[in-house]
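Remarks on the structure that follows.
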Amino acid sequence: MRNKTLPKLLRRSLFVFGVMGALLMSEDSFAQKKKKKDEKAAPAAAPAAPARPQNGGNNNGPKPYKEVITAKAKTKAGLFKVHELEDKYFYEIPDSLFGRDMLMVVRIAKTANGLGYGGENTNNLMVRWEKNNDDVLLKVVSVNNFAADSLPISLAVKASNLEPILQKFSVKSRGTDSTGTVIEATDLFTKDNQALGMERSSRTQYKVSRLDAERSYIVHVNSYPINIEARYVLTYAAAEPPSNSATGLITLEMNASMILLPKEPMKQRLADRRVGWFARSYVDYGADEQRATSRRYLDRWRLEVKPEDVEKFKRGELVEPVKPIVYYIDPATPKKWVPYLKQGVEDWQKAFEAAGFKNAIIAKEAPSPEEDPTWSPEDARYSVIRYFASDIQNAYGPHVSDPRSGEIIESDIGWYHNVMNLLRNWFFIQTAAINPDARKVKFDDEVMGRLIRFVSAHEVGHTLGLPHNFASSVAYPVEKLRDPEFTKAMGTAPSIMDYARFNYIAQPEDKGVSLMPDVGPYDKYAIAWGYRPILDAKTPEDELPTLDKWILDKKGDPVYRYGRQGNNYDPTTQSEDLGDNAMKASDYGIKNLKRILPNLIEWTAEENKPFKDYSDLSEMYGQVIGQFNRYMGHVRTNVGGVMEVYKSAGQNEAVYTHTSKDIQKSAVEFLNKELFATPEWMMDEQIISRIGDFGALERIRGIQVTTLNGILEWGRLGRVIENEALNGNEAYKITELFDDLRKGIWTELPSGRTIDVHRRALQRAHIERLETLLTGSEPNLPAQFRAFAGPQINASQSDIRPMALGELKTLQSQIRGAIGRTSDRMSKLHLEEALTRVNKIISEYSGE
């Protein structure tokens with residue numbers, strides 16, 4: 001599932017205490033400038049020039065309330081009163097809310113084809129409304145740096161973090177009781193305010209020149225007790241729009257949520273990279289360090305022990321929190337799926353029990369209009385699983401959190417109707433060999449409901465603060481995943497937050513084996529680590545000894561290991577894998593694919609549908625190819641692999657360990673056997689003749705070439721070279737790697753036997769990749785990506801070029817000798833052409 005839990009700007013949201021001084025300084029400065037300007041205009045002998053209209057033409061200062069908010073206005077009460085009058089929107093801001101911290105969350109509600117998706121977060125800002133004479137300023141509050149007000153350095157922090165003014169509004173009127181201020185907010189959403197509209201990167205990519213005001217408007221603005229929701233349409237003129245290019249326009253429907261943050265921020269819990277958690281940070285200039293130090297703390301809900309239950313909690317009894325986490329199911333959800341979505345939420349109750357709470361997370365159906373006419377999914381007091389009638393095959397679990405403390409305020413999980421097709425495909429391809437329930441294109445409701453529950457629990461996990469844990473899926477030995485007793489007790493992975501889908505390892509004889517993960521032991525451990533109150537701790541720092549002990553209690557146990565997503569060279573943190581050995585697991589998986597493929601025509605047919613075409617057959621055949629390709633990727637990552645296991649400095653242990661020589665060598669042997677030796681079993685003529693007139697050969701060639709190039713990739717080869725430099729003969733050397741690949745790809749040369757069409761293409765790809773390694777250069781990453789990519793190998797000064805040249809010379813000799821032994825005409829033509837290629841590459845490189 002897509003993870004929008006911590007959007008990119010919200011991840012960088014940090015908090016600064018004591019910025020009110022900077023606010024006052026900026027306001028005083030602004031007021032002084034205005035006063036001096038007024039004083040210069042004081043001579044009244046000449047008639048005063050008309051004042052320049054500002055924000056709706058407020059020429060003469062605030063007007064009487066009834067002249068601005070007339071009887072025609074439609075008023076909505078809430079955080080602010082919102083008045084709609086003739087396509088204009090007015091905010092009536094209570095005096096008590098000036099200076100309060102609020103969070104502005106901007107999302108795409110509806111989008112142009114090719115430009116993101118509905119629900120995608122584009123910006124998060126902490127803002128404050130401030131008065132400045134007859135103006136109101138909407139300021140963006142800096143949360144990147146911090147120093148306590150009691151420290152002298154706080155003055156420097158304030159001086160360096162002047163808040164930008166997002167928008168200035170003229171005061172239109174005072175509230176009827178003189179405790180509110182009326183402004184017109186229309187321009188905030190209809191003018192080209194980049195923070196609330198299309199992202200800069202998209203503007204650049206699609207060559208946006210301007211906002212078309214004539215085609216931009218507000219759909220509605222709704223006010224609730226702690227939030228205001230604005231929905232608005234923005235149309236941009238663009239030279240290269242992603243769709244409907246003839247119009248030269250891009251139209252987006254945006255939603256801006258402005259949410260009131262608590263007056264008193266929740267106590268932080270400091271993050272530790274040994275436990276997976278969504279976290280945020282700021283630079284703490286007040287820390288007793290001789291450098292600028294980053295302070296990282298968790299995103300989590302505020303779960304507190306009731307005062308009357310403190311002693312029970314200390315005795316180890318489960319207690320109910322002051323305020324539980326409650327999820328409502330969108331009224332638009334089909335009724336038959338509601339129970340399964342609710343179960344996915346409440347599956348986390350057992351994890352919170354490990355944290356000392358009972359009934360900490362609850363799912364409810366949304367009340368009907370008759371039961372509660374005021375209830376709305378837009379109300380930030382309610383977290384909702386929103387159901388979208390969309391063909392997007394996805395679900396996502398975001399949350400909105402207080403950048404000052406990490407407190408999660410609310411969450412709306414996005415659930416797209418067509419995620420069921422994605423689930424159908426996964427479950428079919430990964431379990432149909434042993435599972436009769438998956439041998440059809442439309443599952444029984446109970447089967448699909450269980451899959452919905454699985455994804456619901458995964459997305460809820462994100463909203464609780466947990467990121468993907470990609471180390472979880474390798475914690476269990478491969479053979480244990482064939483054991484019914486073990487899998488029923490432990491699931492198929494220790495965490496539902498991994499991308500460990502379904503049990504493709506289990507074989508037909510493994511009766512009663514579990515087929516999917518559940519909220520598992522790692523999840524319970526992580527929730528307890530992040531949520532269990534440490535009652536005696538007064539500050540976040542006081543909690544650290546206890547938090548560290550909880551981690552060390554699980555030291556060395558792979559069940560409780562966290563592995564980050566995105567580490568492309570760690571074979572133990574891969575997506576979609578299972579078990580502790582990719583070669584063994586993939587061997588079982590391929591056996592099951594070989595059982596499924598001959599049955600695809602039968603299993604994708606449907607009775608009583610005489611006009612049904614072969615689109616389902618085509619889709620599922622593509623799923624077989626895709627699953628096989630995943631297995632090849634799982635195996636390939638072991639070559640040049642480096643395992644990352646987070647440790648604290650106090651543990652005095654290695655964090656990075658190279659994959660053993662035996663494992664790397666076995667990975668190459670597996671690829672030579674299962675992929676580079678043509679996988680003819682996938683070329684099922686009965687299927688191919690029904691789904692297309694061309695492309696079957698290209699599917700196989702694409703997997704072979706992608707895998708080969710992935711093995712002989714610059715960074716991977718750099719790790720192979722470094723491994724030898726560090727570990728000598730214990731390492732899988734680059735010379736061994738190149739020898740093993742050549743022997744697997746060119747097995748026909750010694751005997752002169754026929755080379756099939758797949759192998760001919762693979763051998764040409766091998767020559768082309770060697771040429772790239774000899775004459776090309778490692779990717780030149782843009783500057784903004786270099787910091788994330790880490791160190792890069794310098795190809796021209798490494799062993800890669802001489803190794804590639806040596807391989808080409810070896811091939812030159814072996815191909816030349818094989819031509820005379822080869823009797824098949826096409827094979828001989830292929831070898832002659834291959835030799836010409838190799839000769840040319842060597843000659844041009846040598847300057848001959």
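Assorted remarks:
- Here residue 409 meets each of (1) assigned to a strand (DSSP E or B); (2) of a type in the set (A, V, I, L, M); (3) free of Cβ contacts under 8 Å to residues at least 24 places away in the same chain with one exception, condition (3).
- Of all the listed residues (592, 568), the sole one being over 30 Å from residue 318 (Cβ atoms) and buried (at least 22 other Cβ atoms within 10 Å of the Cβ) is 592.
- Test result for residue 537, at pLDDT below 95 and not aromatic (Phe, Trp, Tyr): no
- Residue identified as in a strand (DSSP E or B), modelled with pLDDT of 95 or more and over 25 Å from residue 533 (Cβ atoms) among 340, 328: 328
- Candidate set from the range 603-642 (those that are in a loop (DSSP other than H, G, I, E, B) and free of Cβ contacts under 8 Å to residues at least 60 places away in the same chain); member that is nearest to residue 674 (Cα to Cα): 605
- Criterion (modelled with pLDDT of 95 or more and part of a helix (DSSP H, G or I)) met by exactly one of 554, 524: 524
- Looking across 250, 226, one residue alone is of a type outside the set (Lys, Arg), farther than 30 Å from residue 646 by Cβ and surrounded by 21 or more Cβ atoms within 10 Å (Cβ to Cβ). It is 250.
- Inspection of the range 286-304 finds a residue satisfying the criterion of being part of a loop (DSSP other than H, G, I, E, B), out of contact with any Phe, Trp or Tyr (no Cβ under 8 Å at 6 or more places or on another chain), modelled with pLDDT of 95 or more and surrounded by fewer than 21 Cβ atoms within 10 Å (Cβ to Cβ).
- Put simply, of 239, 271, 195 the only residue that is within 30 Å of residue 74 (Cα to Cα) and touching a residue at least 12 places away in the same chain (Cβ under 8 Å) is 195.
- Scan of the range 388-420 for residues that are surrounded by fewer than 20 Cβ atoms within 10 Å (Cβ to Cβ) and more than 30 Å from residue 260 (Cβ to Cβ), ordered by number: 389, 390, 391, 392, 393, 394, 417, 418, 420
- Members of the range 458-482 that are within 16 Å of the chain's Cα centre (by Cα) and not hydroxyl-bearing (Ser, Thr, Tyr): 458, 459, 460, 461, 462, 464, 465, 466, 467, 468, 469, 470
- Matching residues in the range 320-332 - criterion: being surrounded by 20 or more Cβ atoms within 10 Å (Cβ to Cβ) and in contact (Cβ under 8 Å) with a residue 60 or more places away in the chain: 325, 327
- Count of the range 385-405 residues which are closer than 30 Å to residue 425 by Cα and at pLDDT below 95: 14
Each row is one residue, and each column tells you yes or no for (1) within 26 Å of the chain's Cα centre (by Cα); (2) within 29 Å of residue 297 (Cβ to Cβ).
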| residue | (1), (2) |
| --- | --- |
| 517 | yes, yes |
| 520 | yes, yes |
| 523 | yes, yes |
| 536 | no, yes |
| 555 | no, yes |
| 559 | yes, yes |
| 565 | yes, yes |
| 592 | no, no |
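For every residue, the table says whether it meets (1) surrounded by 20 or more Cβ atoms within 10 Å (Cβ to Cβ); (2) among the aliphatic types (A, V, I, L, M).
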position	(1), (2)
459	yes, no
464	yes, yes
501	yes, no
511	no, no
517	yes, no
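- Condition met for residue 123 (modelled with pLDDT of 80 or more, within 26 Å of residue 413 (Cα to Cα), within 31 Å of the chain's Cα centre (by Cα) and assigned by TED's automatic domain parsing to the domain that holds residue 252): yes
The values are calculated or read from the model by the stated rules, or taken from the named source; none is laboratory data. These figures come from a predicted structure and were not determined experimentally. Positions of Cβ are backbone-derived with ideal geometry, glycine not excepted, and every protein chain shown enters the neighbour counts.
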